[in-house]
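> Quick one: this structure, given as structure tokens, is what I'll be asking you about.
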Amino acid sequence: MGPPPVVTGISPKEGPPGTRVTIRGEFLGASATDLIGLKICGCECLLSAEWKSKNKIVARSGPCKGRGDIIVTTKSGGEGTSTVQFRGYHESIGPVKESAVWVEEAAPPSLPWGRRPMSPTAYTPPDPLGLSTEGDECKFPEDELNELFPDGSGKLSDENFQPGWYLLEHHSNTSFEDLKAGMVFLQRKVEGQKEGQLSFLKANTGAVMDQLDRLVLLKNMYEDDQRKNGKEPLPSLQAAIEESISLADSLFSEILSRKENADKTREALSLLTRHKFLFQLPSSIDKNIKKKEYDLVVNDYTRVKNLFGNTDVKLFQKILGEIDKKIEDLKQNLYIRMKTMPINVQEQTKYIRLLISLNWEGDAAWTAIITRKEYLMNLMNKVRDHFKQKEEQESGEKGRRKAKEADSECSWSAQRAEWCAAACGALAAELHALWPLARRYFAGELAGAPADPQRHADLKEMITTAVQQFSEHTRACVLAGGAAPSADAARARLLANLRSLREAYESLLKLDLPSQPLSVVEKVIFDYRVHGMTVFLQRAHKRVKGLVDKETWKIQEFSDYGAITDLPQLLETHLTDALSSIHKCVYATGRRETPLLAEGSEPLNILQKHTQQILLAFVSVLQELALQHDDQDFNTTSLSVALDQPLGEREAGARWQQRLLIAAANAQYTRRCTLPRLAAAFESFEFPKPELALQTTKEALSNLESSIAETYLEHKGDPLVGTIEPSMYMGRHKIDPDAIVDDARPYVYEIINNLIAVHAEVDSICGAACSRYVRDISETVCEELSRLAACAPAPPRAAAFRARLEASLLRLACAAHLTRKAENYLVETLASIPPLETEEEKKRMDMIIQDFKKRMELQLACLNCDIETV
């Protein structure tokens, strides 16, 4: 819709009916056919209007009186406004004033008041006061004169002449003395005219008498004629005239008949000439229809209906019937074209306007809206069926699909992306046509009659139904089906689908649709973002569960928590990749979208739940790798052989107890290093930290470490403790009570060597964390010694010295690994042994211990220090 017309100037500003008025302004029509209305002072003047340009129109004023606006109406801009006014008046016809007459022409007049007025004379009557008239710049304002004298006039020749109007108009600035002099002049002039009539009679007395004599003579002649011919001379005159007529008819009958035929011929030609537009209109309509110039057809049809719609002439009625039939055919053609899809909205709007102009019986605009809605629904169904058919065709090629499974999976993913893009494009394009069309309809621009209020609800239901169908199809497209063959393919497909959905959603936001259909599309986008996040987390979960088959037991790093493989790093990599994909693909929030991980939202719970499942799956992997074993392989390899093997060979053929310790190191490293790094990764991606998942995993890892330690103690410590009692009583010989003991029995050295072997094995894998395992075994050894000491009878003096020596040596050897509980066991053991009574025994005890330290310096260093230090 273009801007409305604005009239900014006219020339002249006043005049009688028929005055040629030049109208100037802006947006006065794009063409002559665009001009559909022109009113001057309320009188319709369209038929006399001549469109010159978009800034100029020439027309003749109608039978208007008084002031009024000039209103121009166009198809493109509607009804306009005016900043100037025209004053119409009816002139009084006087002896010196020409009247506006119509020039008779061959064609019948098309205006009820004539065509072209003749120019009035420039006669100006003299001033009755004998004073000079003032210039235009001194005139009294005409608007105020109209207010002061609403029914008066300042013209001397008018019947409603008002002296006050005349004085204000011509002598508003004349001095009072001049006005008094003018009054004296006017009185003298009137008296002079009265005296002039009497003097005229006196000066022409002879002529007056002569005229009276002539009148008397004329009377006498009339009386003589009456006496001679009678009082009724007309019958004789009538008979003479009739005789003359009959004689003339006999002489000129043939000529008169030819004249009559010629007159009829001229009348017929004149009729054809006058109504050439009507007779040529049927062929003109056909030509314009072929050229698709439907606006010309509508304008011509409207014009002929206005001119001849109520005619009683049979010929005209016949031609009008033929025209009506062509117009009915045109209506059907336009209606079919309007409903034939696809069609752009501009073309469809054009057909709607044409049908309204041709008085189509139905509601063309509403029919177009329903047609577009049905076309949108069918289009989305066709898009779905097309891609479904393609997928079925590809799934039928089983052999080729098996041979090229990855290629077919990529093809499936690409087809789903194309399906989503096609559905989004169809929805956006058709709603961009449907919604503006509906808004113009309800605004009254495309409705012949006011729209039914119920149709507002019907339209909203149409839009909502279409968007819901789009939602169902899109969900079937993007939320169903198999996963992409790789993470890159999944990210590419997710980004492509999200881009298509967001472009469609953005286009719908620009249309300012109701909130309900917009919320449906936004929910599809939100659910797809949640789906994408879930897919990435499930992929990470699957990859973490698959680590159980990828463990090679190859040491990748010696950390502060022992020798670790690549499992913790793989866990961190898989989960970080999932978080990175989520952040890159679905975390960002578009315009008027719901944040993905809002506090307390379901997606946040899903993220934390899957994170916990991934971490616990890793714990399960470590547990499965650590605790699945063959009991016979625990102690099949001697410590010396294991330590002599190169590191690579030990990793390749790691025994179960070594795998158990490596799993414990992995668990501890994951708990102390990997989990904090994962928490930092969540924060770096602006995700809420999964506190519950991290805490649950830490507890699970701690329990796993404890379980591994118990398992190791069960399989390594119990056999070691079980050898103490047999070794202690080996030979079953008794010592002489007075014998001098100079060393401990062999079982003490065996315990120390076994502890050194355990320490060496654990330290080679667990590093600084090895003390836990040695401490637990040492505690078990001390407990066993305490039990044996408590069960033994009171020893003799030499046996008591030896028992105290052995307990002291074990305490010295395990000093770095003794817990408070182990210390208590040793204290109980020593308390059950009689104390040393003499200084000699004490000195001998100290000498033996010092000798033990010298002899066992290397073993003690191995047991109480890191093996690397030794």
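> Pick from segment 774-817 the residues that are in contact with an Asp or Glu (Cβ under 7 Å, 6 or more places away or on another chain) and surrounded by fewer than 19 Cβ atoms within 10 Å (Cβ to Cβ): which of them is nearest to Ala757 (Cα to Cα)?
Restricting attention to segment 774-817, the residues satisfying the condition of being in contact with an Asp or Glu (Cβ under 7 Å, 6 or more places away or on another chain) are 786, 788, 798, 801.
Next, from what is left, pick out any that are surrounded by fewer than 19 Cβ atoms within 10 Å (Cβ to Cβ): 788, 798.
Details: Leu788: 24, Ala798: 31 Å.
Here the residue is Leu788.
> Okay, moving on. Let me confirm something: among Arg400, Arg372, Arg384, which residue is modelled with pLDDT under 80 and either buried (at least 19 other Cβ atoms within 10 Å of the Cβ) or of a type in the set (D, E, K, R) (or both)? Can you show your working first?
Numbers: Arg372 fails: modelled with pLDDT under 80; Arg384 fails: modelled with pLDDT under 80.
None of the other options fit; the residue is Arg400.
> Please pick out the residue among Trp360, Trp366 that is at pLDDT 80 or above and not in a helix (DSSP H, G or I). Walk me through how you get there before you give the answer.
On the way: Trp366 fails: not in a helix (DSSP H, G or I).
That would be Trp360, the only listed residue that is at pLDDT 80 or above and not in a helix (DSSP H, G or I).
> Scan segment 112-153 residue by residue and report those that are in a helix (DSSP H, G or I), modelled with pLDDT of 75 or more, open to solvent by less than 70 Å² (accessible area, probe 1.4 Å) and within 26 Å of Ala181 (Cβ to Cβ).
If the condition is that a residue be in a helix (DSSP H, G or I), modelled with pLDDT of 75 or more, open to solvent by less than 70 Å² (accessible area, probe 1.4 Å) and within 26 Å of Ala181 (Cβ to Cβ), then Leu145 is the only one that fits.
> Related question: Go through Ser580, Ser500, Ser507, Ser515 for me and flag whichever is free of Cβ contacts under 8 Å to residues at least 24 places away in the same chain, open to solvent by 10 Å² or more (accessible area, probe 1.4 Å) and within 32 Å of the chain's Cα centre (by Cα).
On the way: Ser580 fails: free of Cβ contacts under 8 Å to residues at least 24 places away in the same chain; Ser500 fails: free of Cβ contacts under 8 Å to residues at least 24 places away in the same chain; Ser507 fails: free of Cβ contacts under 8 Å to residues at least 24 places away in the same chain.
Matching residue, one of Ser580, Ser500, Ser507, Ser515: Ser515.
> Of everything in segment 682-717, what is open to solvent by 80 Å² or more (accessible area, probe 1.4 Å) and under 26 Å from Glu779 (Cα atoms)? Give them in sequence order.
Glu699, Asn703, Glu710, Glu714
> Mind checking which pairs have a first residue in segment 343-372 that is under 27 Å from Thr464 (Cα atoms) and of a type in the set (S, T, N, Q) and a second that is open to solvent by 60 Å² or more (accessible area, probe 1.4 Å) and at pLDDT 85 or above, Cβ under 6 Å, 6 or more apart or different chains?
Within 6 Å, the pairs are Thr371/Lys339.
> Name every residue in segment 1-49 that is over 16 Å from Thr73 (Cβ atoms) and either open to solvent by 30 Å² or more (accessible area, probe 1.4 Å) or part of a loop (DSSP other than H, G, I, E, B) (or both), in order of residue number. Please lay out each step first, then the result.
Of the residues in segment 1-49, the ones over 16 Å from Thr73 (Cβ atoms) are 8-22, 24.
Result: Thr8, Ser11, Pro12, Lys13, Glu14, Pro16, Pro17, Gly18, Thr19, Arg20, Thr22, Arg24.
> Related question: Do you know which residues across segment 464-473 are touching a residue at least 60 places away in the same chain (Cβ under 8 Å) and not aromatic (Phe, Trp, Tyr)? I'd like the intermediate steps shown before the answer.
Applying the first criterion (touching a residue at least 60 places away in the same chain (Cβ under 8 Å)) to segment 464-473 yields 465-466, 469-470, 473.
Passing the criteria: Thr465, Ala466, Gln469, His473.
> Please name all residue pairs, on different chains or six or more residues apart, with Cβ atoms under 6 Å, provided the first residue is in segment 709-723 and is within 11 Å of Val758 (Cβ to Cβ) and the second residue is among the polar types (S, T, N, Q) and open to solvent by less than 40 Å² (accessible area, probe 1.4 Å).
Short answer, once both residue conditions are applied: Gly717/Thr780.
> Starting from residues that are of a type in the set (Asp, Glu) and within 38 Å of the chain's Cα centre (by Cα), keep the ones in segment 674-726 and report whichever is nearest to Val748 (Cα to Cα).
Let us first name the residues in segment 674-726 that are of a type in the set (Asp, Glu), namely 683, 686, 691, 699, 705, 710, 714, 718, 725.
Among the residues that remain, those that are also within 38 Å of the chain's Cα centre (by Cα) are: 683, 686, 691.
Details: Glu683: 55, Glu686: 60, Glu691: 50 Å.
Checked segment 674-726; the qualifying residue nearest to Val748 (Cα to Cα) is Glu691.
> Among the numbered criteria (1) open to solvent by less than 10 Å² (accessible area, probe 1.4 Å); (2) modelled with pLDDT under 80, which single criterion is violated by Ala768?
Of the numbered conditions (1) open to solvent by less than 10 Å² (accessible area, probe 1.4 Å); (2) modelled with pLDDT under 80, the odd one out for Ala768 is (1).
> Within segment 458-473, take every residue that is open to solvent by 30 Å² or more (accessible area, probe 1.4 Å) and under 13 Å from Leu513 (Cα atoms) and give me the one that is farthest from the chain's Cα centre (by Cα). Reasoning before the result, please.
Within segment 458-473, the first condition is being open to solvent by 30 Å² or more (accessible area, probe 1.4 Å), and the residues that meet it are 458, 460-461, 465, 468, 472.
Among the residues that remain, those that are also under 13 Å from Leu513 (Cα atoms) are: 460-461.
Numbers: Lys460: 17, Glu461: 19 Å.
Filtering segment 458-473 for residues that are open to solvent by 30 Å² or more (accessible area, probe 1.4 Å) and under 13 Å from Leu513 (Cα atoms), the one farthest from the chain's Cα centre (by Cα) comes out as Glu461.
> Those residues that are free of Cβ contacts under 8 Å to residues at least 40 places away in the same chain, surrounded by fewer than 19 Cβ atoms within 10 Å (Cβ to Cβ) and in a helix (DSSP H, G or I), I need them from segment 518-555; list them, please.
Matches in segment 518-555: Ser519, Lys542, Gly546, Asp549.
> Follow-up question, since we're still on this one. Would you mind stating whether Ala451 is open to solvent by less than 60 Å² (accessible area, probe 1.4 Å), at pLDDT below 75 and under 26 Å from Leu518 (Cβ atoms)? Reasoning before the result, please.
Details: open to solvent by less than 60 Å² (accessible area, probe 1.4 Å): yes; at pLDDT below 75: yes; under 26 Å from Leu518 (Cβ atoms): yes.
In short, yes.
> How many residues, within segment 303-337, are open to solvent by 60 Å² or more (accessible area, probe 1.4 Å) and touching a residue at least 40 places away in the same chain (Cβ under 8 Å)? Talk me through it step by step, then tell me what you get.
To start, the set of residues in segment 303-337 that are open to solvent by 60 Å² or more (accessible area, probe 1.4 Å) comprises 303, 305-307, 310, 312-315, 317-318, 322, 325, 328-329, 332, 336-337.
Going one step further and asking which of them are touching a residue at least 40 places away in the same chain (Cβ under 8 Å), we end up with 322.
Result for segment 303-337: 1.
> Could you grab me the full set of residues in segment 214-231 that are in a helix (DSSP H, G or I) and open to solvent by 100 Å² or more (accessible area, probe 1.4 Å)?
Let us first name the residues in segment 214-231 that are in a helix (DSSP H, G or I), namely 214-229.
Once the filter is applied, which keeps residues that are in a helix (DSSP H, G or I) and open to solvent by 100 Å² or more (accessible area, probe 1.4 Å), segment 214-231 yields Arg214, Leu215, Leu218, Lys219, Met221, Tyr222, Arg227, Lys228.
> Another one. One residue is enough: does segment 88-101 have a residue meeting the conditions buried (at least 16 other Cβ atoms within 10 Å of the Cβ), modelled with pLDDT under 90 and part of a strand (DSSP E or B)? Steps first, answer last, please.
Step one: filter segment 88-101 for residues buried (at least 16 other Cβ atoms within 10 Å of the Cβ), giving 88, 91, 100.
Restricting the remaining residues to those that are modelled with pLDDT under 90 gives 88, 91, 100.
Subsequent filtering for residues that are part of a strand (DSSP E or B) retains 88.
Yes: segment 88-101 contains one or more residues that are buried (at least 16 other Cβ atoms within 10 Å of the Cβ), modelled with pLDDT under 90 and part of a strand (DSSP E or B).
> What are the pairs, 6+ residues apart or on separate chains, where a residue within segment 1-20 that is free of Cβ contacts under 8 Å to residues at least 24 places away in the same chain has its Cβ under 8 Å from a residue that is in a loop (DSSP other than H, G, I, E, B)?
Pro12/Thr19
> Now a separate question. What pairs can you find where one residue is in segment 659-680 and at negative phi, the other is part of a helix (DSSP H, G or I) and among the basic types (Lys, Arg), and their Cβ atoms are less than 6 Å apart, with a gap of 6+ or different chains?
Matching pairs, first to second residue: Arg671/Lys698.
> Does any residue in segment 149-167 that is without any contact (Cβ under 8 Å) to a residue 24 or more places away in the chain come within less than 8 Å, Cβ to Cβ, of a residue that is open to solvent by 100 Å² or more (accessible area, probe 1.4 Å) and part of a loop (DSSP other than H, G, I, E, B) six or more places away or on a different chain, and which pairs are these?
Sorted first by the residue in segment 149-167, then by its partner, the pairs are Asn160/Asp151; Phe161/Lys155.
> Give the number of residues within segment 829-853 that are open to solvent by 50 Å² or more (accessible area, probe 1.4 Å), among the hydroxyl-bearing types (Ser, Thr, Tyr) and in a helix (DSSP H, G or I).
Going through segment 829-853 one residue at a time, the tally reaches 0.
> Filtering segment 165-176 down to residues that are within 14 Å of Pro128 (Cβ to Cβ) and not acidic (Asp, Glu), which residue is surrounded by the fewest Cβ atoms within 10 Å (Cβ to Cβ)? Explain how you work it out, then say what you get.
Step one: list which residues in segment 165-176 are within 14 Å of Pro128 (Cβ to Cβ), which gives 165-167, 169-171, 174.
Going one step further and asking which of them are not acidic (Asp, Glu), we end up with 165-167, 170-171, 174.
Working: Trp165: 21, Tyr166: 19, Leu167: 16, His170: 20, His171: 20, Thr174: 18.
Of everything passing the filter in segment 165-176, Leu167 is surrounded by the fewest Cβ atoms within 10 Å (Cβ to Cβ).
The values are calculated or read from the model by the stated rules, or taken from the named source; none is laboratory data. Given the structure is predicted, the values throughout are model-derived calculations rather than measurements. Ideal geometry is used to build each Cβ from the backbone, glycine not excepted, and the neighbour counts take in all protein chains shown. Areas reflect the complete protein model, heavy atoms only, side chains present, ligands, DNA and RNA absent. Shrake-Rupley method; radii C 1.70, N 1.55, O 1.52, S 1.80 Å.
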